[in-house]
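Participant: Can you read through this structure? Questions will come right after.
The values are calculated or read from the model by the stated rules, or taken from the named source; none is laboratory data. From a predicted model like this one, the values you see are computed outputs, not experimental measurements. Neighbour counts are summed over all protein chains in view; Cβ atoms, including those assigned to glycine, are modelled from backbone coordinates with ideal geometry. These accessible areas exclude ligands, DNA and RNA; they are computed on the full protein's heavy atoms, side chains included. Shrake-Rupley method; radii C 1.70, N 1.55, O 1.52, S 1.80 Å.
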Amino acid sequence: QVQLVESGGGLVQAGGSLRLSCAASGRTFSSYAMGWIRQAPGKEREFVAAISRSGASTYYADSVKGRFTISRDNAKNTVYLQMNSLKPEDTAVYYCAANHFSVPGSWDEYDYWGQGTQVTVSS
């Protein structure tokens, strides 16, 4: 089992940047593919980005491609989401999630979830 704790959210103006971090407990972090999923007010959760166990493969939603970068440091049991050129429509609670071995086909197939961190982008 793995526990996930997100940090780094906050209030930022449009065009600004934030970096989210997700710290994982346990000694098997490198056996989990990791993802970021967000939920805006009144909307369903949606996939944002994912990264394979080694970090060699990354995946992005079209809405964030070219602006967000996911990365991981297996030595620190941490996954990051660098968010640049933020837009008001990026406002959401951002969740970190872990899935054993592979990146799942759908955001709702992750095994473990963090509690979320709020990102608010003002116009």
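Participant: Pairs under 9 Å by beta carbon, first residue on the phi > 0 side of the Ramachandran plot in the stretch 54-72, partner part of a strand (DSSP E or B) and exposed (fewer than 14 other Cβ atoms within 10 Å of the Cβ), six or more apart or different chains?
Facilitator: Close Cβ pairs satisfying both conditions: 55/73.
Participant: Is it the case that the stretch 29-50 has a residue that's touching a Cys at 6+ places or on another chain (Cβ under 7 Å) and of a type in the set (Phe, Trp, Tyr)?
Facilitator: Within the stretch 29-50 (the criterion being touching a Cys at 6+ places or on another chain (Cβ under 7 Å) and of a type in the set (Phe, Trp, Tyr)), the answer is yes, since at least one residue qualifies.
Participant: Still on this structure, I have one more. Would it be correct to say that residue 58 is surrounded by fewer than 16 Cβ atoms within 10 Å (Cβ to Cβ) and among the β-branched types (Val, Ile, Thr)?
Facilitator: Considered against the rule, which asks whether it is surrounded by fewer than 16 Cβ atoms within 10 Å (Cβ to Cβ) and among the β-branched types (Val, Ile, Thr), residue 58 comes out as yes.
Participant: Only residues that are among the hydrophobic types (A, V, I, L, M, F, W, C) and outside any loop (DSSP other than H, G, I, E, B): list them for the stretch 95-123, please.
Facilitator: Residues satisfying the conditions are 96, 97, 98, 107, 113, 119, 121.
Participant: Follow-up. Tell me which residues, restricted to the stretch 19-30, are open to solvent by 30 Å² or more (accessible area, probe 1.4 Å) and either assigned to a strand (DSSP E or B) or of a type in the set (Asp, Glu) (or both).
Facilitator: 19, 23 - these are the residues of the stretch 19-30 that are open to solvent by 30 Å² or more (accessible area, probe 1.4 Å) and either assigned to a strand (DSSP E or B) or of a type in the set (Asp, Glu) (or both).
Participant: Need the failing condition index for residue 53 against (1) in a strand (DSSP E or B); (2) in contact with a Phe, Trp or Tyr (Cβ under 8 Å, 6 or more places away or on another chain), just the number.
Facilitator: Condition (1) is where residue 53 drops out.
Participant: Within the set of pairs 6+ apart or on separate chains, which have a first residue in the stretch 76-93 that is at pLDDT 95 or above, a second that is part of a helix (DSSP H, G or I) and of a type outside the set (A, V, I, L, M), and C-beta atoms under 6 Å apart?
Facilitator: What qualifies is 77/29.
Participant: Checking the structure you have, find out if any residue of the stretch 31-45 is in contact (Cβ under 8 Å) with a residue 12 or more places away in the chain, more than 20 Å from residue 116 (Cα to Cα) and open to solvent by 30 Å² or more (accessible area, probe 1.4 Å).
Facilitator: no
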